[in-house]
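The values are calculated or read from the model by the stated rules, or taken from the named source; none is laboratory data. These figures come from a predicted structure and were not determined experimentally. Glycine gets a Cβ as well: all are built from the backbone with ideal geometry, and neighbour counts include every protein chain shown. Areas reflect the complete protein model, heavy atoms only, side chains present, ligands, DNA and RNA absent. Shrake-Rupley method; radii C 1.70, N 1.55, O 1.52, S 1.80 Å.
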Amino acid sequence: MKLFNALDLDNPLENKNCDEVAPLLRRISAQQIQLKKHEEKLRKKENELETVLENMSEGILLLTFEGKIVSINSAAKRIFGYSGEAEGENLSFVCRDISVKEAFFEAAKGNRFEKTAELSGGYYRIDANPVYSGEKIFGVALFFFDVTEKENSEQIRREFTANVSHELKTPLHSITGFSELMASGIMKQEDYVPCAKRIYDEAKRMTRLIEDIISLSHLDENAHDMKRETVDLYAVSENVIKSLAEIHAFILILQYGKKSLLKLPLL
C-alpha cells in the first residue's frame, strides 16, 4: 500500500524501483498522452469555433432550456447594447426585448420561430431553433440577421408607390374635369379644341409618369445604362402650379355651374 501511495501518477515513467507495477505505469502514461492530445484537439476546435463566432456579423446566442446564457458573440452583444460578461446569466440580464423572449419561448417548446424586430435602431430577423440532446430539448439557439437595409428599401418602395399613386391622380383629375365639361354641354364651341388639347397633354403626362416609374424600377436593379440630364426645377414647379390651379378651376366650374366660366380662365 505504501508503494502505491508513493507513486507519482502525474509522471508515471519517472517512478524508480517499481518493476512489479511497471506495466501499469506505462499504461497510465500512454493514457495520459492520449488524453493530452485529445484535450489539445478539443481546445483547438474550441478556439477555432470561438474565432469564427466572434468574427461573424450575425448575432448568435446559445441558451440552456432554462434561459441561461451558454455563449454569446460580440455581434449579439452589440445588437443588445451590452458589453460585459454574460455567460451563466439569464436572458433578461442582457436583453428585455419582447420579440427576443417570444423567440426563445417558442423554440423552448420545440418550434422553429422567425420574426423581424427592431433592435438598437435597426431591423433584425430573429431565427430561433431548439437544440436537442436525443429526443429532449437541451437548449435554444438564437440567430440575429441584420435586415435594416432591406426593411428601409421596402419602406422607400411603399412610400414611392404611394407618391406615384398621388402623382397619377393629378392628370387623371384633369382629364376627368375636362371630359365632364365637354360632356356637360355648358362649354362654348370654341373651347372644345383647347379642352381636347389639354386632355391630350395630360394623357401624354401620364405616359411620361409611367415611363419614369419603369425607369426608376430599372435603376433600382442597379442598372448602369441610365442617362442623366439637366432639369429646370423652376419650370417644373411652374407647370405643377399651373396644373393644380386648373384642376381647382374645373372643380369650381362643376360645383357652381356655367357662371363660374366668366370668372375663371379655362386654360
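Listed values, structure above:
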read-out: Calculated from backbone phi, Karplus (6.51, -1.76, 1.60) coupling profile of the range 128-141 in Hz, x at Gly/Pro; value: 10, 9, x, 10, 9, 10, x, 9, 9, 6, 8, x, 9, 10
read-out: Residue-level accessible surface for L219, protein heavy atoms, 1.4 Å, Å²; value: 90
read-out: Greater than 30 Å apart at Cα, pairs in K41/K136; K41/K115; K101/K150; K169/K197; K41/K101; value: K41/K115; K41/K101
read-out: Sequence-distant residues sharing a close amide H with L119 (under 5 Å, placed H); value: Y124
read-out: Largest-first ellipsoid semi-axes for the range 81-220, taking √(5λ) over the Cα gyration tensor eigenvalues, angstrom; value: 60, 15, 13
read-out: Accessible surface, per residue, of the range 31-165 when the full set of protein chains is kept, probe 1.4 Å, Å²; value: 66
read-out: Largest-first ordering by accessible area, 1.4 Å probe, given options E238, E106; value: E238, E106
read-out: The range 143-187 - percent of accessible surface contributed by carbon and sulfur, probe 1.4 Å; value: 55
read-out: Separation of the H218 and R112 label points, Cα + 7 Å toward Cβ, nm; value: 4.0
